[in-house]
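The values are calculated or read from the model by the stated rules, or taken from the named source; none is laboratory data. The structure presented is a predicted model; accordingly, all values stated were derived computationally and were not measured. With ideal geometry, Cβ positions are generated from the backbone for all residues, glycine too; neighbour counts draw on all protein chains shown.
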Amino acid sequence: DNYKLIDKNDLNREEYEKLLKEYPIINTEDLYILNTKSKKVINNMEKPFARAIFILDNLEKELDNKTLSKYIDKINPNISQNGDMYFHISQFSQEELDRLNTEIDEDLGMDKFPENMINQRAINYIKNKYEDMAISIIKIQSNYILYVGGIMLLISLLTMMASVGIGYISAKISAGVGKNLRKKVFEKISTFSNTEFDKYSTASLITRNTNDIQQIQTITIMLLRVIFFAPILGVGGVIKALNTNVSMAWIIMLGVIVVLGLISIIFSIAIPRYAKIQNLVDKLNRILRESLGGILIIRAFNTQKIEEDKFESVNQELTKTNLFVLRIMNLMRPGMMLIMDLITVLVIWVAAHEINDGNMQVGDMMAYTQYTRRVLRSFLMISMISTMLPRASVSANRIVEILDTETSIKDPENPKELKKSGLITLEFKNVSFKYPGANEAVLKNISFKARSGEIIAFIGSTGSGKSTLVNLIPRLYDVTEGEILLNNINIKDLRLRDLRENIGYIPQKAVLFTGTIESNIRYGKNENINDEDIYKALEIAQGMEIVNEKKEGLSYQISQGGTNVSGGQRQRLTIARALAKKSDILIFDDSLSALDFKTDALLRKAISREINDSIVLIVGQRISSIMNAHKIIVLDEGEIVGMGTHRELLKDCNIYRQIAASQLSEEELLYE
């Protein structure tokens, strides 16, 4: 069934000419041509054909026609001894052929010949027969080498192109993943209220948005490169190995199970340590930021050694943890190589028994060894990536933690529109507040009302809740009880953007951004603020001298954090930024304390003169900064203990009188 008899008389002219070029002997006799392309069938036919050809070769070389006739005579004495003995053999029945085969086997001692010698003799015999048919073996071999070599070259070129393509795609995807993650994390952080910022330190947020995302970028690009190659290598190796010998498939399974076991053990040890590493990196960044930010205090108190020891303690712990993890992860590659070598030894040992039993050839053993190593090599590639997975997994969890954090302060589902009719009112109604996790309220039953054109001041001892109170207005925190109304609308019913659009905020610590003086004052309002607004704001904030003394003017570059201007100048530029916004509510959160008395007085006078349509809220420590306010609210332990003008409070509020007495002279008190 595996061979087809070709009779030239049955061929048309085209078929005949095609076969004549390939098999010239067809011109004189019929041919049997292989009728299958199955490698398995061909391999199964190899052994019996090689044996038969070996016998035939020996008969032709060593035995004459007379000797062969003796074999034939033993089997069938009735056959004539004249004529071609091979023709007589072709007329034998299967039983007679088997008997003839046994006779010749015994005479030649076939069992003494190794299989590779039988195969080689058969190959040489076939070569000679091809030459007898005027077919060039060298040409066939050359054509085969060129054909296979061409295919290999083409595959190599395709592999190179695929590698370049995968490298390009993986780099692009990885960069895109990093970009999108950084954007999402930054956007999420920008929605955080102070409650969320109290939960995550600044150092931790910076680490998550830089180092952690970089870890994910790195693992993404490596995974994309390996994910295309390793499965092809592994699956292809399994298929080829099974085609070679199915009975030894258990060895591959054993190797895979051992490899997965090794990876699992190493992962179980490494992952908790990677989580610790990221936490230590956060801690190290926090200490570094504190040291750099407080370098003047550190030098003034001569505590460099204390800060160095603090840094070194965390740095040492980070180093020890890193070394431990690296040592564990470095066991991966030698462990994998040991497994590969042991599996190779096992394959050779099992295959040797198969070869000894005649069930396998040496070539198959070598091929099976290579296929098995190829399968394990694919796991080695994956394992090398897996050394990066634990840290990337920890980083991914830290980023997901940020993205999944529910913002405590957000826009209402059905927001209301803030209607302005010229007059702006701000009212606190029985407002109480306590920080998340705290037992006691910081503010208790705060109630007051302010209108456009009024200056409302807050004063009290440290920790009385002044800054906390004004931080509730832009919803940096949300009230625990009561409500805050803006034009009779609860601020929780307004969009955060709409609410904060109407508030100009000057914090205790002046904050300037890298850029020019102009860009800092225009901050967030580039299109709505013209040059006239900028100069007007600078004039009220007493900041014109800052611009005038710089030859670049408004184009003067502010360094990071505003370190190239003085504290008072930073504060005045911060005030100018809030004034240029032309907000309905201006909040000075103890921001006048950085100004000298003269500048403070000029600023307050300018505010009283120029700002008549806004509510001005001033948190102060100095009586002189607030004494001219329309209403002064005195806070003590989170409660209002006095409310009125400076004169009224001197008469009616004991705490205010004590504060005033500590700051003003007797003459000033009597005058007031």
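Filtered by the rule that a residue be not in a helix (DSSP H, G or I) and not polar (S, T, N, Q), region 564-590 gives VAL565, LYS581, LYS582, ASP584, ILE585, LEU586, ILE587, PHE588, ASP589, ASP590.
For region 426-438, the count of residues that are of a type in the set (Lys, Arg) and in a strand (DSSP E or B) is nonzero. Check region 283-303 and report whether any residue there is in a helix (DSSP H, G or I) and closer than 30 Å to MET365 by Cβ. Looking for residues that are in a helix (DSSP H, G or I) and closer than 30 Å to MET365 by Cβ, one finds none in region 283-303, hence no.
The residues of region 442-451 that are over 23 Å from PRO507 (Cβ atoms) and either not in a strand (DSSP E or B) or not hydroxyl-bearing (Ser, Thr, Tyr) (or both), listed by number, are LYS444, ASN445, LYS449, ARG451. Evaluate the following for ASN302: is it on the phi > 0 side of the Ramachandran plot and either touching a Phe, Trp or Tyr at 6+ places or on another chain (Cβ under 7 Å) or in the same structural domain as MET253 (by TED's automatic domain parsing) (or both)? Taking the combined requirement at face value, the residue satisfies it. Can you confirm whether region 415-429 contains a residue that is crowded, with 16+ Cβ neighbours inside 10 Å and under 40 Å from the mean Cα position of the chain (by Cα)? Checking region 415-429: at least one residue is crowded, with 16+ Cβ neighbours inside 10 Å and under 40 Å from the mean Cα position of the chain (by Cα). With the structure loaded, tell me whether PHE458 is crowded, with 18+ Cβ neighbours inside 10 Å and closer than 26 Å to MET627 by Cβ or whether it fails that test. Yes, satisfied.
If you filter region 359-385 down to residues that are small (Gly, Ala, Ser) and buried (at least 19 other Cβ atoms within 10 Å of the Cβ), you find that the one that is modelled with the highest pLDDT is SER378. Being at pLDDT 90 or above and in the same structural domain as ALA392 (by TED's automatic domain parsing) is a property that GLY150 lacks. Considering only residues in region 6-48 that are aromatic (Phe, Trp, Tyr) and surrounded by 14 or more Cβ atoms within 10 Å (Cβ to Cβ), the one that is modelled with the lowest pLDDT turns out to be TYR23. In region 311-354, the qualifying residues are those that are touching a residue at least 40 places away in the same chain (Cβ under 8 Å) and over 19 Å from SER264 (Cβ atoms), and the one that is nearest to the chain's Cα centre (by Cα) is ASN322. So is LYS434 over 20 Å from VAL619 (Cβ atoms) and surrounded by fewer than 19 Cβ atoms within 10 Å (Cβ to Cβ) or not? In short, no.
Just need a number here: residues in region 93-114 that are surrounded by 13 or more Cβ atoms within 10 Å (Cβ to Cβ) and modelled with pLDDT under 70. Final tally of qualifying residues: 2. Criterion first (of a type in the set (A, V, I, L, M), more than 22 Å from the chain's Cα centre (by Cα) and modelled with pLDDT of 80 or more) does VAL238 satisfy it? Answer is yes for this residue. Assessment of region 235-244 against the conditions (in contact with a helix residue (DSSP H, G or I) (Cβ under 9 Å, 6 or more places away or on another chain), in contact (Cβ under 8 Å) with a residue 40 or more places away in the chain, polar (S, T, N, Q) and surrounded by 18 or more Cβ atoms within 10 Å (Cβ to Cβ)) yields at least one matching residue. Quick check: anything in region 560-576 surrounded by fewer than 18 Cβ atoms within 10 Å (Cβ to Cβ), within 16 Å of TYR523 (Cβ to Cβ) and in the same structural domain as ILE618 (by TED's automatic domain parsing)? Within region 560-576 (the criterion being surrounded by fewer than 18 Cβ atoms within 10 Å (Cβ to Cβ), within 16 Å of TYR523 (Cβ to Cβ) and in the same structural domain as ILE618 (by TED's automatic domain parsing)), the answer is yes, since at least one residue qualifies. Residues to consider are GLU481, GLU501; find the one that is more than 22 Å from ILE607 (Cβ to Cβ), among the acidic types (Asp, Glu) and either surrounded by fewer than 17 Cβ atoms within 10 Å (Cβ to Cβ) or not assigned by TED's automatic domain parsing to the domain that holds ASN654 (or both). Unique residue meeting the criteria: GLU481. Within region 296-323, the set of residues being closer than 18 Å to THR202 by Cα and surrounded by fewer than 17 Cβ atoms within 10 Å (Cβ to Cβ) comprises PHE311 only.
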